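Undergrad: Take this structure first; my questions come after.
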Amino acid sequence: MPETSPRLLIAASGTGGHLFPALAVAEQLSDWQIDWLGATGRLEQALVKNYPLHTVNVEGFQSRGLKSLLVFYRLAIAIFQVRKLLKQLHIDAVFTTGGYISAPAILAARWCGIPVIIHESNAIPGKVTQLLAPFCTQVAIGLEMAAQSLPKKKTIWLGTPVRKTFLSPQSLDFPIPQDAILIVVMGGSQGAIALNQLVRDCGRKWLDAGAYLVHLTGDRDPESFHHSHYFPLPFYHNMAGLLQRANLAISRSGAGTLTELAITKTPAILIPYPFAAEDHQYYNALAFKEAGAALIYRQQELTPEILEKEVLRLLNNPDELERMSENAGTLAVADSAERLAALIQDNVKNRY
């Protein structure tokens, strides 16, 4: 190990699913110097407050034709920029949570002979992860199913880190009686409108049955209805408290959301986003169904009548909800951030 504090470059960009696990790992490395690599105009510019943020101009690799040439030209420039950054800052290791920002980070680290650890949270790894995992020193995964698509000798299951607030009890500022049933609906930022409409078409029956409903609609769907037990909100800051209190969640199945459901032991009805790359949300949800922690419905097959009856059936079967809750807990790795931090530290020790 170097005599000064070791220095880490974290490459995470774009969505909370990439950023929150990376931030959780960074918190475990308080004695390290940490710099952050992001993309221009992305969410990290709002969320990454405590670390120097460096940006490069990269984008997804889905483009075809002439535009694809521009994408790869920008990638080449980004690789040279990151390589220069690694040398200027004397970086000892690179950690990335996947996505297209990981491509220049991984390739530049490989060029410089620096250890690089990637974390993949989805059951079906993204294309960049699958393509560049052989160039990484180690590959950490959040769901064991992902190992089928990655180099076996380098891959280790460590779970997916969550924000610290999820690891301790949180209070809730909604006027909901302690003994009332609480349903939480989370549409996510993509495709929320279709899920929102499903819930509005059948939610009154749940409310009339005595349940309370917190409905996170996103900011693109202002429609609503009025009921004393119904709380529609674009977003809610205290997700830890909300899911700790919830008896049932109706949700998309992004990896970050599922990690939070597992940590809070929240039973769920999962409706995967139907246009997710490689249908990865369905396979994420499948891991929870196979564990007995959730039910899955394809959006195109789900009607308001089916959802209404399924929720009412669960509300009338508290023993089933309790079993689902316990099963969800078996998928949680509460110390995932600590394990990933230790993995990074071990790889730097082995370098010197």
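Undergrad: Taking other Cβ within 10 Å of each residue's Cβ, how do 264, 4 sort, fewest first?
TA: 4, 264
Undergrad: Now, a different point. Helix 318-329: angle to the longest alpha-carbon principal axis of the chain, degrees 0 to 90, nearest 10?
TA: Roughly 0 degrees, rounded to the nearest 10.
Undergrad: May I ask for the distance between the Cα centers of region 12-57 and region 291-352, given as a whole number of Å?
TA: 25
Undergrad: Return the sequence-ordered ³J(HN,Hα) values of region 195-202 in whole Hz as given by the Karplus equation 6.51 cos²θ - 1.76 cosθ + 1.60 applied to θ = phi - 60°, using x for Gly and Pro.
TA: Values per residue, Gly and Pro as x: 5, 4, 5, 4, 5, 5, 6, 10 Hz.
Undergrad: Here is a follow-up. Can you sort 94, 214 from fewest to most other Cβ atoms within 10 Å of each residue's own Cβ?
TA: By the 10 Å Cβ count, ascending: 214, 94.
Undergrad: For region 216-298, how big is Rg over Rh, using alpha carbon atoms and the Kirkwood form of Rh?
TA: 0.98
Undergrad: Sticking with this structure for a sec: Could you list, in their original order, any pairs among 84/152; 265/349; 87/164; 84/349 whose Cα atoms are separated by more than 28 Å?
TA: 84/152; 265/349; 87/164
Undergrad: While we're here: For the chain, find the longest principal axis of its Cα atoms and tell me its angle to the long axis of helix 16-27, 0 to 90°, nearest 10.
TA: The two axes meet at around 60 degrees.
Undergrad: If one takes the longest principal axis of the Cα atoms in the chain, at what angle in degrees, from 0 to 90 and to the nearest 10, does the Cα axis of helix 336-351 lie?
TA: 10
Undergrad: Let me ask you something else. When only DSSP loop residues count, what chymotrypsin sites (Phe, Trp or Tyr not before Pro) in region 179-245 have their Cβ near at most 11 other Cβ atoms within 10 Å?
TA: 225, 235
Undergrad: Averaging over all projection directions, find the projected area of the Cα convex hull of region 86-244 and quote it in nm² with one decimal place.
TA: Its average projected convex-hull area is 12.6 nm².
Undergrad: Just to check I understand the Karplus step: with θ = phi - 60° and J = 6.51 cos²θ - 1.76 cosθ + 1.60, what whole-Hz values come out for region 247-262, glycine and proline as x?
TA: Working through the residues one at a time gives 8, 7, 10, 10, 7, 5, 10, x, 4, x, 4, 5, 4, 5, 5, 5 Hz.
Undergrad: May I pose another question? Report, please, the projected area of region 214-352 averaged over directions, based on the convex hull of its C-alpha atoms, in nm².
TA: 11.1
Undergrad: Taking H placed 1.01 Å from N in the peptide plane, check which residues at least 5 places from residue 91 or on another chain put their amide H under 5 Å from its amide H.
TA: Under 5 Å from the amide H of residue 91 lies no amide H from a residue far enough along the sequence or on another chain.
Undergrad: Taking the chain as a Gaussian network, where each spring joins two C-alpha atoms under 10 Å apart, which residue of 340, 216, 131 fluctuates the most?
TA: 131
Undergrad: Using the scaling law 2.2 N^0.38 Å as the reference, what is the normalised Cα Rg of region 50-151?
TA: Scaled against compact globular proteins, the figure is 1.09.
Undergrad: Quick check on the exposure proxy: order 233, 132, 261 from fewest to most C-beta atoms within 10 angstrom.
TA: By the 10 Å Cβ count, ascending, the order reads 233, 132, 261.
Undergrad: For the chain, what is the mean residue ellipticity at 222 nm derived from helices alone (per DSSP H run of n ≥ 4: -39500 (n - 2.57); sum divided by total residues; nearest 500 deg cm²/dmol)?
TA: For the chain, the value works out to -12500 deg cm²/dmol.
Undergrad: For region 257-331, what is one quarter of the convex hull surface built on the Cα atoms, given in nm²?
TA: Values: hull surface 19.5 nm².
Across all orientations, region 257-331 yields a mean hull projection of 4.9 nm².
Undergrad: In bins 20 Å wide, starting from 0, what share of all Cα pairs of the chain does each bin hold, as a percent?
TA: 30, 54, 16, 0
Any read-out appearing in this document is the output of simple, stated calculations on the displayed coordinates, not a laboratory observation. What you see is a predicted model, and the numbers here were worked out from it, not measured in a lab. Heads up, the Cβs are rebuilt from the backbone with ideal geometry, glycines too, and the neighbour counts pull from every protein chain shown.
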